[in-house]
Amino acid sequence: MILLQSPSRFLLQILQDRVLSGDKGVDIDCHTVEFDDVRYHIQFSTRNPKVMVLSVALPLPSPEAILYDGLPLGAIEAIKAAYGPVVQILDPPKDGFDLTMKINLTKLPPDEEQRNAVLTQIASVREVVLGAPLKLLLKHLASKTVAPNVDKLVALVHRPNESFFLAPQADKVTVVYPMRFQDSIDIVLATSFLQEFVEARRNASLNNAPSCMWSPAPPLELKGVSSDALNANAGFVTFVVSPRHVEGKKLDKTVWSLLTFHAYVSYHVKCSEGFMHTRMRRRVESLIQALDRAKSDAEKLKKLVHGGSFKRLSLKNDSNSRH
């Protein structure tokens with residue numbers, strides 16, 4: 001299984017190149033898009049080559065998701081805690097974007113290892129922003145408490161017009177994903193993949209992993225949720241996260257894994273589909289080669305049978321030939 005990486009490779013490469021370029025630089029004004037429709041607008045100016053303006057557009061939220069000034073719960077606080085004086089949030093953000101930040105590269109730490117760590121963190125802005133409410137709830141789980149002023153069921157954005165749900169309690173957090181796919185083949189493959197995923201969790205080597213369940217119908221935790229939010233054509237996946245899964249350094253890994261679970265499944269569904277197409281093409285090619293060999297053998301046999309010429313002699317010609 002392949003896990004998606006948190007930093008945007010494109011954004012990280014631009015940041016590293018700009019840091020290494022010294023005081024020289026060129027104007028940069030480019031757009032890039034990541035999976036689940038997270039968009040970036042990156043700007044550098046030669047007048048101030050060490051300052052980057054980064055705008056981020058998040059997936060379009062579903063009706064049940066609650067945002068604060070266009071951002072998930074705790075996103076502003078998470079940005080300030082992660083980046084400190086390096087990043088300044090611009091208000092209002094640029095048109096068409098949910099967040100605009102001014103990043104001053106002259107304020108990066110002088111130590112190379114620390115500097116690269118900050119750059120990687122900046123390139124992981126998707127995780128910092130979208131994962132902020134999830135991280136907040138799981139931090140309270142680590143201390144076996146429930147975050148104050150939080151509903152019994154929280155909807156978090158992870159894809160355009162789609163949410164997943166958290167039911168926080170003091171001793172566990174239940175995470176439920178309505179799994180939706182557009183392509184009919186993807187639906188079949190995803191359903192099979194998820195059932196095998198749940199079955200693999202029963203392996204003794206995975207006893208420490210969060211418990212996982214799949215069902216074709218909504219679980220009880222989603223009672224009262226609107227029917228549109230429960231329109232899942234590949235069933236529902238439920239994880240039960242306990243305090244031991246979010247202790248210390250496990251927290252960030254758990255947040256990213258939960259935040260990108262649907263993308264993780266989609267990636268492996270497409271890989272499975274591509275693998276089967278490759279197998280099918282190879283099988284067709286082998287059948288064509290077998291037919292070509294059979295055709296060649298048939299042509300050789302035909303030449304062998306019809307290749308010689310025979311002359312029929314009459315009785316008169318036969319008697320003449322004897323004389």
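Computed values, structure above
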| read-out | value |
| --- | --- |
| Number of the condition not met by I89 [criteria: (1) out of contact with any Leu (no Cβ under 6 Å at 6 or more places or on another chain); (2) buried (at least 17 other Cβ atoms within 10 Å of the Cβ)] | (2) |
| Among residues of region 272-300, those that are of a type in the set (A, V, I, L, M, F, W, C) and either at positive phi or modelled with pLDDT under 80 (or both), counted | 2 |
| Unique match (being of a type outside the set (S, T, Y) and more than 30 Å from A229 (Cα to Cα)) among A57, A82, A65, A78 | A82 |
| Residue satisfying all of: in region 106-142; in a loop (DSSP other than H, G, I, E, B) and touching a residue at least 12 places away in the same chain (Cβ under 8 Å); farthest from V225 (Cα to Cα) among these | L108 |
| Options I79, I103; residue that is surrounded by 15 or more Cβ atoms within 10 Å (Cβ to Cβ), in contact with a strand residue (DSSP E or B) (Cβ under 7 Å, 6 or more places away or on another chain), in a strand (DSSP E or B) and not polar (S, T, N, Q) | I103 |
| Test result for N203, at pLDDT below 85 and either open to solvent by 40 Å² or more (accessible area, probe 1.4 Å) or small (G, A, S) (or both) | yes |
| Boolean, G96 is within 24 Å of the chain's Cα centre (by Cα), of a type outside the set (S, T, Y) and under 21 Å from D252 (Cα atoms) | no |
| Some residue of region 217-230 being part of a helix (DSSP H, G or I), under 23 Å from L130 (Cβ atoms) and at pLDDT 80 or above | yes |
| Qualifying residue in region 190-213 (condition: among the β-branched types (V, I, T) and under 20 Å from the mean Cα position of the chain (by Cα)) | yes |
| Output for region 247-258, where each listed residue is of a type in the set (A, V, I, L, M, F, W, C) and either open to solvent by less than 10 Å² (accessible area, probe 1.4 Å) or assigned to a loop (DSSP other than H, G, I, E, B) (or both) | V255 |
| Residue identified as open to solvent by less than 40 Å² (accessible area, probe 1.4 Å) and among the small types (G, A, S) among S211, S163, S143 | S163 |
| Meets criteria (surrounded by 17 or more Cβ atoms within 10 Å (Cβ to Cβ) and touching a residue at least 60 places away in the same chain (Cβ under 8 Å)) for T238 | yes |
| Odd one out for L11 among (1) within 30 Å of L222 (Cα to Cα); (2) in contact (Cβ under 8 Å) with a residue 40 or more places away in the chain | (1) |
| Conditions (1) in contact (Cβ under 8 Å) with a residue 60 or more places away in the chain; (2) open to solvent by less than 80 Å² (accessible area, probe 1.4 Å): number failed by D183 | (1) |
| Strands (runs of 3 or more DSSP E) completely within region 16-58 that count 3 or more residues being open to solvent by less than 30 Å² (accessible area, probe 1.4 Å) and under 25 Å from A132 (Cα atoms) | 38-45, 48-57 |
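The values are calculated or read from the model by the stated rules, or taken from the named source; none is laboratory data. Keep in mind the model is a prediction, meaning the values are calculated, not measured. Ideal geometry is used to build each Cβ from the backbone, glycine not excepted, and the neighbour counts take in all protein chains shown. When the accessible area is computed, the model is the full protein with side chains, heavy atoms only, and any ligands, DNA or RNA have been set aside. Shrake-Rupley method; radii C 1.70, N 1.55, O 1.52, S 1.80 Å.
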